[in-house]
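To start, the structure itself, in structure tokens.
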Amino acid sequence: MTRRVRITDVSPRDGLQNEPTPVATADKVRLVRAVMAAGVDEVEVSSFVSPRWVPQLGDAAEVFAALAQGGAAGVAGEGGVVLSALVPNERGLESALEVNRRAGFALIGKVSVFTAASETFAQRNTNGSIAQTLERFVGVIGRAKGAGLAVRGYVSCAIACPYEGDIEPGRVADVCARLARLGVDELDLGDTIGVAEPRGVLALIEAVGRSVPPELGGGGVGGGGRRGLTLHLHDTFGRAGACVTAALSAGVRSFDGAVGGLGGCPYASVGGRRAPGNIDTRALVAAVRAAGYDTGVDGAGLAAAAAVAQSLGVGHGGR
Ligand code: HMG
Ligand code: MG
């Protein structure tokens with residue numbers, strides 16, 4: 001069985017989308033470069049969403065333009081870090097494709113569509129029902145794949161919703177199956193408000209595993225683990241590391257984290273309580289290693305990236 005675990009750092013996107021104070025484009029670029037240098041497999045750089053909805057990431061095209069100046073080395077092709085961005089609709093995809101046209105190479109290797117297992121959250125976050133968000137994705141997925149980009153499909157509220165409370169694993173599995181039929185290359189299950197416990201994670205993985213094809217984590221653990229399935233944990237109660245351990249035992253081989261524990265969806269901040277940060281990539285890598293698995297991440301590089309995150313003066317102060 002493979003011992004290699006894939007690490008995606010989402011700090012420049014999830015980490016900075018909820019900041020009350022704007023972060024300068026040059027600082028975002030500094031953070032992306034530092035995280036890339038740490039040896040993660042993928043960096044989620046920004047979002048091509050409506051700047052009315054998430055003004056903090058309104059400079060996505062500028063961030064990518066600055067990254068393009070470094071050339072294709074280290075990002076595109078064999079062994080390079082995958083750079084990705086969120087796109088909610090065809091307008092967002094068009095912006096991502098324009099970045100690649102201007103760069104002259106596939107700077108953005110993957111786009112991520114996002115929906116939820118909760119109707120209320122889908123409305124609050126994307127102004128549409130779950131079905132409406134999926135309809136928007138039809139054209140996005142077809143065009144993205146036609147242009148050679150991989151497509152990730154996020155399902156938020158995979159454990160609980162900030163408005164509806166606990167979410168049954170069957171509801172998540174149903175949305176995953178619908179995304180699978182639309183042709184996403186991978187699925188990412190988001191514990192948006194960071195309330196997961198290991199037992200709930202195991203139930204979730206089992207339910208999703210029953211409803212999607214093997215290339216998206218379906219079936220049993222198998223020799224290579226559950227390819228195509230990622231877990232995206234926020235960490236409100238310090239349990240995310242234990243959830244990583246549980247997910248590894250159930251065959252998950254891909255996780256998201258954010259250096260410095262930055263992160264949180266603006267539309268998951270409820271009743272004056274700010275949405276929790278993602279699991280710190282350092283804690284994530286430590287949990288993966290402690291369970292006997294490997295990552296390509298270099299500890300010193302990660303510490304340097306965390307220092308850059310800290311120098312931005314943002315986030316949750318360590319979680
Ligand atoms: P809408 O208002 O229904 O969209 O929003 P619309 O089509 O009516 O357009 C409204 C305005 O936005 C128009 O501009 C459009 O041009 C513009 P106006 O004419 O008013 O000046 N617009 C855009 N501009 C730039 N790029 C675009 C775009 N689309 C429309 N792509 C929409 C619908 C989905 C666009 C909106 O709700 C939105 O942008 N939502 C994004 C919310 C978001 O980014 N949330 C955080 C990410 S999800 C997350 O954090 C969870 C995750 O981490 C996993 C987890 O933890 O669970 C992934
Ligand atoms: Mg998130």
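Some notes on this structure:
- Here Ala85 meets the list (1) assigned to a loop (DSSP other than H, G, I, E, B); (2) surrounded by 19 or more Cβ atoms within 10 Å (Cβ to Cβ); (3) in contact with a helix residue (DSSP H, G or I) (Cβ under 7 Å, 6 or more places away or on another chain) almost entirely, failing just condition (1).
- Checked against the criteria, Glu164 counts as within 14 Å of ligand 1 (Cβ to nearest atom), closer than 27 Å to Ala240 by Cβ, surrounded by fewer than 16 Cβ atoms within 10 Å (Cβ to Cβ) and of a type outside the set (A, V, I, L, M, F, W, C).
- Pairs, first in contact (Cβ under 8 Å) with a residue 60 or more places away in the chain and within 16 Å of ligand 1 (Cβ to nearest atom) in region 209-235, second charged (D, E, K, R) and open to solvent by 10 Å² or more (accessible area, probe 1.4 Å), C-beta under 6 Å, six or more apart: Asp235/Arg319
- Filter result (small (Gly, Ala, Ser) and either buried (at least 24 other Cβ atoms within 10 Å of the Cβ) or within 22 Å of Tyr154 (Cα to Cα) (or both)) within region 43-82: Ser46, Ser47, Ser50, Gly58, Ala60, Ala61
- Selected residue (criterion: farthest from Gly299 (Cα to Cα)) from residues of region 254-286 that are surrounded by fewer than 24 Cβ atoms within 10 Å (Cβ to Cβ) and more than 16 Å from ligand 2 (Cβ to nearest atom): Gly271
- Among the residues of region 109-120, at least one is assigned to a helix (DSSP H, G or I) and buried (at least 17 other Cβ atoms within 10 Å of the Cβ).
- Filtered by the rule that a residue be of a type in the set (Val, Ile, Thr) and touching a helix residue (DSSP H, G or I) at 6+ places or on another chain (Cβ under 8 Å), region 213-252 gives Val244, Thr245, Val252.
- Residue that is open to solvent by less than 40 Å² (accessible area, probe 1.4 Å) and farther than 24 Å from Gly165 by Cβ, where the choices are Leu204, Leu248, Leu233: Leu248
- Across region 250-268, the qualifying residues are those that are of a type in the set (A, V, I, L, M) and in a loop (DSSP other than H, G, I, E, B), and the one among them that is nearest to ligand 1 (Cβ to nearest atom) is Leu262.
- Filtering region 121-171 to residues that are within 15 Å of ligand 2 (Cβ to nearest atom) and assigned to a helix (DSSP H, G or I) leaves Phe121, Ala122, Arg124, Asn125, Thr126.
Let's see how each residue does on (1) within 16 Å of ligand 2 (Cβ to nearest atom); (2) closer than 13 Å to Ile108 by Cα; (3) of a type in the set (Asp, Glu):
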{"position": "Ala26", "(1), (2), (3)": "no, no, no"}
{"position": "Val45", "(1), (2), (3)": "yes, yes, no"}
{"position": "Trp53", "(1), (2), (3)": "yes, no, no"}
{"position": "Asp59", "(1), (2), (3)": "no, no, yes"}
{"position": "Gly70", "(1), (2), (3)": "no, no, no"}
{"position": "Gly80", "(1), (2), (3)": "no, yes, no"}
{"position": "Ala85", "(1), (2), (3)": "yes, yes, no"}
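The values are calculated or read from the model by the stated rules, or taken from the named source; none is laboratory data. Nothing here was measured: the structure is a model prediction, and the numbers come from that model. Using ideal geometry, Cβ is built from the backbone for each residue, glycine included, and neighbour counts are taken over all protein chains shown. Remember, those area values only see protein heavy atoms, side chains included, never the ligands or the DNA or RNA. Shrake-Rupley method; radii C 1.70, N 1.55, O 1.52, S 1.80 Å.
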